[in-house]
1. Those residues that are surrounded by fewer than 17 Cβ atoms within 10 Å (Cβ to Cβ) and either within 16 Å of the ligand (Cβ to nearest atom) or of a type in the set (Gly, Ala, Ser) (or both), I need them from region 141-179; list them, please.
2. Would you call Arg410 out of contact with any Gly (no Cβ under 9 Å at 6 or more places or on another chain), basic (Lys, Arg) and within 23 Å of Met332 (Cβ to Cβ)?
3. Which pairs turn up if I take residues in region 51-73 that are more than 8 Å from the ligand (Cβ to nearest atom) and look for partners that are assigned to a loop (DSSP other than H, G, I, E, B) and modelled with pLDDT of 95 or more with beta carbon separation below 6 Å, at least 6 apart in sequence or on another chain?
4. Is it the case that some residue within region 442-460 is more than 30 Å from Val192 (Cβ to Cβ) and in a helix (DSSP H, G or I)?
5. Within region 438-470, can you find the residues that are more than 15 Å from the ligand (Cβ to nearest atom) and aliphatic (A, V, I, L, M)?
6. Can you spot a residue in region 289-300 that is surrounded by 13 or more Cβ atoms within 10 Å (Cβ to Cβ), aromatic (Phe, Trp, Tyr) and either away from the ligand (no atom under 16 Å from the Cβ) or more than 26 Å from the chain's Cα centre (by Cα) (or both)?
7. Check Arg385, Arg410, Arg435 and return the single one that is in contact with a helix residue (DSSP H, G or I) (Cβ under 6 Å, 6 or more places away or on another chain), part of a helix (DSSP H, G or I), more than 11 Å from the ligand (Cβ to nearest atom) and not assigned by TED's automatic domain parsing to the domain that holds Tyr176.
8. Give region 163-190 a look and list any residue that's within 16 Å of Glu429 (Cα to Cα) and assigned to a helix (DSSP H, G or I), or say none.
Amino acid sequence: MVPPHHRMTSSSSLKNNYDAIVIGSGLGGLTCAKRLADAGHQVLLLEQHFQLGGLATWFKRGNHIFDVSLHGFPYGMVKTCRKYWGRTIQNSIVQLKNIVFDNPQFSLTTTFSKDDFIRLLQERFGVSEAVVREFFTTIEGMNFYDDQRLRTRDLFARFFPGRSDIHRLLLEPISYANGSTLDEPAITYGIVFSNFMNRGVFTFEGGTDRLIALMEHELRQQGVDIRTSTRVKRIVLEKGQAKGVEVSGTHSGFIPARAVISNAGIVNTVDNLVGQAAFTPDFRDRFAGVRINNSSCQVYFGIRKGESIPDIGDLLFTSTEKEFTSEALRDMRTKSRTFSIYYPKIRPQAPPDYTIVASMNANYDDWAGLDSQEYAEEKEQMVERCLCDLERYLPGVRSKIDVIESATPRTFKRYTLHRKGSSFGTKFEGLDISRSLHKEAPGVFHVGSVGIIMSGWLGAINYGVIVANDVDGWLREESAV
Ligand SMILES: Cc1cc2nc3c(=O)[nH]c(=O)nc-3n(C[C@H](O)[C@H](O)[C@H](O)COP(=O)(O)OP(=O)(O)OC[C@H]3O[C@@H](n4cnc5c(N)ncnc54)[C@H](O)[C@@H]3O)c2cc1C
């Protein structure tokens, strides 16, 4: 039996001997908590929001359920979920077969798989088979330990010089997936693009609400204590080592634990939860160089019950911008957006529901300084731009819509507390900070979107497994001492 979605904080008392406290219930935090419980540790999971899932979230308006970050993930989720979350979750992963690109440079439909891209690059873009194959061999061979000075820009220039159309085909979807620009280390592009090229784009049948309910059920089965609406104010150290956390909300006070794993974003973890004073000057210098990734805007449309829309594809990368640039993609009044179309098949057990989510990359600073009237006006204009754009694909859809909602970088900050409402953690350099946290403050770990490659649903879950292994090793060593 899967428990109801909106389970609130239980009133049962907390234990006083947790091995590990996980701060935050994003996919990284949830997975880390699960793996630690599987390894036999006593785990407490604390979430400041009333709902688990972090950015893997959903909300209800009118008769509709809107998914926030369920637009697509790579096939790797199948194996990862089977190994770490079990068959029920694995079996609900299904492919999205119709991915549409529509911009002034090209319009095409693809499965977003390697075979299809090899075909498209040859047939539509006129690239020789030898070059296409060498490009794929190169990116598939990339790994974390490669030269990190090569930029994505250089990689594209080497294989497809002067071909801004091909650069757009290859980079635009990845920019939506993790905020990548041409200036990121090419390995981050290679790793993420190869993941998608494995077999295409996948989604979760039953929606985000069902996934998170199943994950919560698994955690409770493993004995993980979960408290929502409980915000961690501080990670408490003693002689530089983790001793527990101080919380506010329903369970305010100090909770001891031998290890603390923060899913609360690496910059907030270092600055607010631990405090920079706890770190060496060298660490602080490296930390000062960490760049936060961009945020997002979204507009959500619900189609009135009883109405329907034709199948126009599952995921549409649309733009009226002449050429792709990262700046134009994040611009407040961008002409580029994705449309995720949720047909009733996504929640086959529920009454038929059609929803559409327009997603845009965004700069937090563009939205942060607006007063309330400017903010309301900008939001309204954004909704109208999305609606006009949508009507290009679904003429007359306006009259079928009964619910419209929108989100900006301020919304993402408010619900997750992430600095500048970051959608994908930090740029590449954040990974080193995340990985070296526990060397500076023993017993303190970070998990969650960071360094581009460890972000997105698959990245966050996989990183949850990696960090849980580190924590498990540390707890065992510490017990031995
Ligand atoms: C608009 C949008 C669309 C996206 N689309 C996709 C997609 O289609 N496919 C994909 O793979 N990825 C997508 N992503 C990215 C993906 O959702 C994230 O990378 C992933 O869900 C992040 O997981 P995480 O573990 O980093 O934690 P997060 O989801 O960032 O969660 C962190 C949690 O910590 C909690 N927290 C913070 N501070 C505290 C505190 N002090 N005390 C207690 N709790 C705290 C927060 O409330 C939150 O629940 C999208 C993201 C956005 C914003």
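The values are calculated or read from the model by the stated rules, or taken from the named source; none is laboratory data. Keep in mind that what you see is a predicted model, and the values were worked out from it rather than measured. Because the Cβ atoms are built from the backbone with ideal geometry, glycine has one as well, and the counts that use them run over all protein chains shown.
1. The answer is Gly141, Ala157, Gly162, Ser164.
2. Details: out of contact with any Gly (no Cβ under 9 Å at 6 or more places or on another chain): no; basic (Lys, Arg): yes; within 23 Å of Met332 (Cβ to Cβ): yes.
So Arg410 does not fit the description; no.
3. Partner pairs satisfying both residue conditions: Asn63/Lys305; His64/Asp353.
4. Going through region 442-460, the residues more than 30 Å from Val192 (Cβ to Cβ) turn out to be 442-443.
Add one more test, that the residue is in a helix (DSSP H, G or I), and what stays is none.
Within region 442-460, not a single residue is more than 30 Å from Val192 (Cβ to Cβ) and in a helix (DSSP H, G or I).
5. Let us first name the residues in region 438-470 that are more than 15 Å from the ligand (Cβ to nearest atom), namely 438-443, 469-470.
Scanning region 438-470 gives a single hit, Ala441.
6. Residues of region 289-300 surrounded by 13 or more Cβ atoms within 10 Å (Cβ to Cβ): 290, 292-300.
Those still in the list that are aromatic (Phe, Trp, Tyr) too: 300.
Checking which are either away from the ligand (no atom under 16 Å from the Cβ) or more than 26 Å from the chain's Cα centre (by Cα) (or both) leaves us with none.
No: zero hits.
7. Numbers: Arg385 fails: in contact with a helix residue (DSSP H, G or I) (Cβ under 6 Å, 6 or more places away or on another chain); Arg435 fails: in contact with a helix residue (DSSP H, G or I) (Cβ under 6 Å, 6 or more places away or on another chain).
So the residue among Arg385, Arg410, Arg435 that is in contact with a helix residue (DSSP H, G or I) (Cβ under 6 Å, 6 or more places away or on another chain), part of a helix (DSSP H, G or I), more than 11 Å from the ligand (Cβ to nearest atom) and not assigned by TED's automatic domain parsing to the domain that holds Tyr176 is Arg410.
8. Passing the criteria: Asn178, Ala186, Ile187, Thr188, Tyr189.
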